[in-house]
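**Q** Here it is, the structure in full.
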DNA sequence: AATAGCATTGTTAACGTGTGCATTTCTATG
DNA sequence: CATAGAAATGCACACGTTAACAATGCTATT
């Protein structure tokens, strides 16, 4: 069926070992023999059987890009940027296998035979047992998006807390004191980091807000809409709302306009993430930019380095988040 | 290092073949021996070496989900729905390898040894040589999104043309006669299908529009914004604009509101795709829903069926698109 | 007890490739 | 020409697993 090195060996009148040497640039072969063999392999469209090589070399040439979950709380933009960033680095040298960690009935299919390395795009601690398992198996591992302390891994994390701090400080500088927050999905570390940044900025400026100014969301449009509806019904309404991602901000703005009120004239709204659509909302959204594609690219480069060099070290790299001021916040 | 069936055989006092039989539910083994072996394998955390199995069984347990390109013209929502739909079907029985076809320097790494099957999410004819190559190699193949005639493949296609027809007809029924179109990325088949549906509806109603009512876009927010800006500068302005996807519609709406005009009071806007954000735009977008996740799920099921049963047939399944009426179109 | 048939288990080889060590060939030197 | 050393090539085995066919053991029947 497929061409094997034995087929080539027959035609070239050499052993299969010599064919292997020729195709792998071994120094132990005569250059003329090598070129002859390569020409025959080319004319026969030979492709190595990667299963056979994997078996002998103890390599799979698979990389995992594993998300905590693909079922809920993962926005389309997030997945897109991660896949794109990693693919740009690995090209066609590796197979990129995309999966939700919660899709595994059991982790034991994940081992060094099947994956040369894994990038975990971590959204919550519910993937912690997976990270510990993978580290224990000594699979080359990079964790993006969430800091992990209990395991010796390379970690690339956007600085959500200071992004949220800076955004809340900006709201304060615009004169706002009644600032509410629509939080992200419960249990996600990004939810906590953004809330912490918000609280820290309030504390810094000696501002206290009522408990009713903390409303839970689920990182999606619907929950943003519902949360804003609740805030708009408060007797003492906030003047500004920090939505912990842009999807929820879009839902929140919709809830405002549905009541015949407008953003930012009646209430200011800010988001987090700077998705592609954010600049095109009406009004254009003030938000914080998180470089997910850049983080994914850096993580993939580091992982490839680890795999090829067998060298790893515990490190945490914080990626700078950036305040993006547009039109959705009014100065009062 | 890893546990092999030979290690288990030693402990169980049987041959490695008997271990293989036990773990693969062969009828050729005593049930008691089988349970004893399974218990030992479990306690040793045995995992098969998939490379070895692949080599013997001539299977890779890899499925490709290949997009024409991941570089431009592919929206985040599109990628997300496709990945999610396929993953929901294959679970952890197969590795899902996600890639852009234009990332391949050469296709010859794609063969039956490395992929049990491939789903091509086709956006344009630029992937035609790949589809022909894969079909020629007799790799089980399913093509989604674009009809392919020259190759015997299973095809799952959303009915873009009748969706666009129905939307344009709706605009006509709301009293619009000056209907412009912001087209999609040049060369994409979806671009042509949507334009054809639009033209067919105009023709059916005996409406003709000037050439200036056909403006090119690139399926992204920016090009929608730019195209609408051009339409708004025409001396004889359209009363309604059909944007060939929702991303461009969002950009178009932004261009309208930037001029102090409003949608739908001054000009009506419609989109295509029904992305998650579309219901939350101000105004909520009238659009056409394409069931990408459903198509991806059906394609994956069919491909698995093909792989397991070795049976395939040329077929084209059209998936119904659906007009979704919201608030962005005014009756005049 | 002998025989036949069935169930169970094991031997051997295969899958395609890479590599350690043995063998052969070639070249340079005395 | 003989010898030593280097270069080139090949043999044999390994990797982990599955399966064809052979061998062995058990049971039922005559």
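**Q** Using Cα pairs under 8 angstrom and six or more residues apart, how large is the relative contact order of the stretch A:226-315, in percent? Kindly include the intermediate steps, with their values, before the conclusion.
**A** Numbers: 90 pairs, mean separation 20.4, N = 90.
Result for the stretch A:226-315 is 23 percent.
**Q** If one takes the longest principal axis of the Cα atoms in chain B, at what angle in degrees, from 0 to 90 and to the nearest 10, does the Cα axis of helix B:76-90 lie?
**A** The helix B:76-90 is inclined about 30 degrees to chain B.
**Q** If you count, for every residue in B:94-103, the Cβ atoms of partner chains within 10 Å of its Cβ, what is the mean? Walk me through the intermediate numbers first.
**A** Values: counts 1, 11, 5, 7, 9, 7, 6, 0, 0, 5.
That works out to 5 on average.
**Q** A follow-up question, please. Between rounded, prolate and oblate, where does the stretch B:80-126 land on the alpha carbon gyration tensor, with a ≥ b ≥ c its root eigenvalues, rounded for a/c under 1.5, else prolate if a/b exceeds b/c?
**A** Oblate.
**Q** Going by C-beta contacts inside 10 Å, put A:289, B:99, A:146 in order with the fewest on the left. Walk me through the numbers on the way to the answer.
**A** Numbers: A:289 17, B:99 21, A:146 24.
Ranked by crowding around the Cβ, least crowded first: A:289, B:99, A:146.
**Q** If you take every DSSP beta bridge fully contained in the protein assembly as shown, what fraction is antiparallel? Give it as a percent rounded to 5.
**A** Details: 9 of 79 bridges.
Restricted to the protein assembly as shown, the bridges split so that about 10 percent are antiparallel.
**Q** Where the centroid of each part is defined by its Cα atoms, how far is the stretch A:71-101 from the stretch A:289-325 in Å?
**A** Cα centres, the stretch A:71-101 to the stretch A:289-325: 14 Å.
**Q** On the principal axes of its Cα set, how long, how wide and how thick is chain A? Give whole Å, largest value first.
**A** 90, 38, 33
**Q** How tilted is helix B:221-232 with respect to the longest principal axis of chain B? Cα atoms for both, answer in degrees (0 to 90, nearest 10).
**A** Rounded to the nearest ten degrees, it is 20.
**Q** Just need log10 I(q)/I(0) for the stretch B:5-48 at q = 0.24, 0.34 Å⁻¹, Debye formula, equal scatterers on the alpha-carbon atoms, no solvent, rounded to two decimals.
**A** Reported log10 I(q)/I(0), two decimals: -0.72, -1.43.
**Q** How shielded is B:78-88 by partner chains, expressed as the average number of their Cβ atoms within 10 Å of its Cβ atoms? Present the calculation step by step, with values, prior to reporting the outcome.
**A** Working: counts 2, 7, 9, 1, 0, 9, 6, 0, 1, 6, 4.
Mean partner-chain Cβ count within 10 Å for B:78-88: 4.
**Q** Mind ordering B:87-96, B:216-225, B:17-26, A:103-112 by average Cβ neighbours within 10 Å, highest first? Could you put the intermediate results ahead of the total?
**A** Values: B:87-96: 18.8, B:216-225: 22.8, B:17-26: 17.0, A:103-112: 15.1.
In decreasing order of mean packing, B:87-96, B:216-225, B:17-26, A:103-112 become B:216-225, B:87-96, B:17-26, A:103-112.
**Q** Kirkwood hydrodynamic radius (Cα pairs, Å) of the stretch B:160-289? Walk me through the intermediate numbers first.
**A** Values: mean 1/r = 0.0714 Å⁻¹.
Roughly 14.0 Å, rounded to one decimal.
**Q** For Cα pairs less than 8 Å apart in space and 6+ apart in sequence, what is the mean separation divided by the residue count of the stretch A:94-176, i.e. the relative contact order in percent? Write out the running numbers ahead of the final one.
**A** Details: 73 pairs, mean separation 18.5, N = 83.
Rounded, it is 22 percent for the stretch A:94-176.
**Q** Nearest 10 degrees is fine. How inclined is helix A:31-43 to the longest principal axis of chain A, computing both from alpha carbons?
**A** 60
**Q** Provide the packing ranking of A:44-54, B:36-46, i.e. peptides ordered by the mean count of other C-beta atoms within 10 Å per residue, highest first.
**A** Details: A:44-54: 18.1, B:36-46: 15.7.
Going from most to least packed, we get A:44-54, B:36-46.
**Q** Antiparallel versus total DSSP beta bridges in chain B: what percent is that, nearest 5? Walk me through the numbers before you get to the answer.
**A** Working: 4 of 39 bridges.
The antiparallel fraction comes to roughly 10 percent.
**Q** Here is a further query. What is the stretch A:1-103 by shape, rounded, prolate or oblate, if you read a ≥ b ≥ c off the alpha carbon gyration tensor as root eigenvalues and call it rounded for a/c under 1.5, prolate for a/b larger than b/c, and oblate otherwise?
**A** Details: a/c = 3.54, a/b = 3.05, b/c = 1.16.
Since a/c reaches 1.5 and a/b is larger than b/c, the shape of the stretch A:1-103 is classed as prolate.
**Q** For peptide A:51-62, what's the mean number of Cβ atoms from other chains within 10 Å of each residue's Cβ? Walk me through the numbers before you get to the answer.
**A** Details: counts 14, 5, 2, 6, 8, 2, 1, 4, 1, 4, 1, 4.
Average neighbour count from other chains, rounded to a whole number: 4.
**Q** Could I ask something else about it? Using alpha carbon coordinates only, what is the Rg to Rh ratio of the protein assembly as shown, with Rh defined as the Kirkwood radius? List each step's numbers first, then the result.
**A** Numbers: Rg = 28.1 Å, Rh = 27.5 Å.
Result: Rg/Rh = 1.02.
**Q** Restricting to DSSP H runs of at least four residues, report the calculated mean residue ellipticity at 222 nm for chain B, -39500 (n - 2.57) per run over all residues, nearest 500 deg cm²/dmol.
**A** Details: 11 runs with 134 residues, N = 332.
Roughly -12500 deg cm²/dmol at 222 nm, from the helical runs in chain B.
**Q** Sticking with this structure for a sec: For each of A:8, A:307, count neighbouring Cβ atoms within 10 Å of the residue's Cβ, then give the residues from fewest to most. Intermediate values should be presented prior to the final figure.
**A** Details: A:8 23, A:307 18.
Result, fewest neighbours first: A:307, A:8.
**Q** Among A:272, B:188, what is the fewest-to-most ranking by other Cβ atoms within 10 Å? Kindly include the intermediate steps, with their values, before the conclusion.
**A** Details: A:272 29, B:188 23.
The most exposed by this proxy come first: B:188, A:272.
**Q** How many angstrom lie between the C-alpha centres of the stretch A:130-170 and the stretch B:162-222?
**A** Comparing the Cα centres of the stretch A:130-170 and the stretch B:162-222, I get a distance of 47 Å.
Each value in this text was obtained by applying a stated rule to the coordinates, not by laboratory testing. As the structure is a computational prediction, the values presented were derived from the model and not from experiment. Here the Cβ is made from the backbone with ideal geometry for all residues, glycine too, and neighbour counts use every protein chain on show.
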